[in-house]
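A.B. asks: Got a structure for you, questions after.
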Amino acid sequence: MPTIHYILKDGSSRSVDAKPGSSVMENAIRGNVRGIDAECGGSCSCATCHVYVDEAFTDRLPPADEMESELLDGVASERRPGSRLSCQLTVTAELEGLTVRIPETQS
């Protein structure tokens, strides 16, 4: 199982063993990672699962589609080049060690 590293807003980190085929958001919820609210449950309609993907992994991910990109325009914390919705990031073996930072606020 790939491991995902979540950097919390206080700077501490949580590592979660992730099931391939699941989303980065689902693994955060399953691992009780604070700061990913996921109010819509992963249907890409609320942007409360916003994360900043470490630049070492951005090329391993497919680009955000139009819907995700539009939602990222309205996130509560600053949108940055590595901004993604964690519900749209599917875990694969190639993402072993993926590191994402949770923004200061989701709403």
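A.B. asks: Quick one: net charge around GLY21, please, counting Lys, Arg +1 and Asp, Glu -1 for every other residue with C-beta under 15 Å from its C-beta.
C.D. replies: -2
A.B. asks: Can you tally the net charge around GLU96? Count Lys and Arg as +1, Asp and Glu as -1, for every other residue whose Cβ sits under 11 Å from the Cβ of GLU96.
C.D. replies: Neighbourhood net charge equals -1.
A.B. asks: Still on this model: Would you mind counting up the charge near SER12? Only other residues with Cβ under 13 Å from its Cβ, with Lys and Arg at +1 and Asp and Glu at -1.
C.D. replies: +3
A.B. asks: Okay, next question. Please give the length that would be gained between GLU39 and ASP73 if that part of the chain were fully extended, namely 0.36 nm times their separation in residues minus their C-alpha to C-alpha distance (nm, one decimal).
C.D. replies: Working it through step by step, the gained length comes to 10.5 nm.
A.B. asks: How much accessible area per residue does the chain have, in Å², with a 1.4 Å probe?
C.D. replies: Using a 1.4 Å probe on heavy atoms only, each residue of the chain averages 53 Å².
A.B. asks: How many percent of the accessible area of the stretch 43-107 is carbon or sulfur, using a 1.4 Å probe?
C.D. replies: 46 percent
A.B. asks: Now for a separate question. Simple spin-label model, 7 Å along Cα-to-Cβ: HIS5 to GLU55 in nm?
C.D. replies: 1.6 nm
A.B. asks: If you don't mind, another one. Where the only charges are on Cβ atoms (+1 Lys, Arg; -1 Asp, Glu), what is the dipole of the chain about its Cα centre, to the nearest 20 debye?
C.D. replies: So the magnitude is around 360 debye.
A.B. asks: Report the far tail of the P(r) of the stretch 7-57, meaning the percent of Cα-Cα pairs longer than 15 Å.
C.D. replies: The calculated P(r) of the stretch 7-57 puts 49 percent of pairs beyond 15 Å.
A.B. asks: Something else about it: Grab the DSSP H runs of the chain that are 4 residues or longer, score each as -39,500 (n - 2.57), total them, divide by all residues and round the 222 nm result to the nearest 500 deg cm²/dmol.
C.D. replies: Calculated from helices alone, the mean residue ellipticity at 222 nm is -3500 deg cm²/dmol.
The values are calculated or read from the model by the stated rules, or taken from the named source; none is laboratory data. In this text, all values refer to a predicted model and were calculated from it rather than measured experimentally. Heads up, the Cβs are rebuilt from the backbone with ideal geometry, glycines too, and the neighbour counts pull from every protein chain shown. With ligands, DNA and RNA removed, areas are computed over all heavy atoms of the protein, side chains included. Shrake-Rupley method; radii C 1.70, N 1.55, O 1.52, S 1.80 Å.
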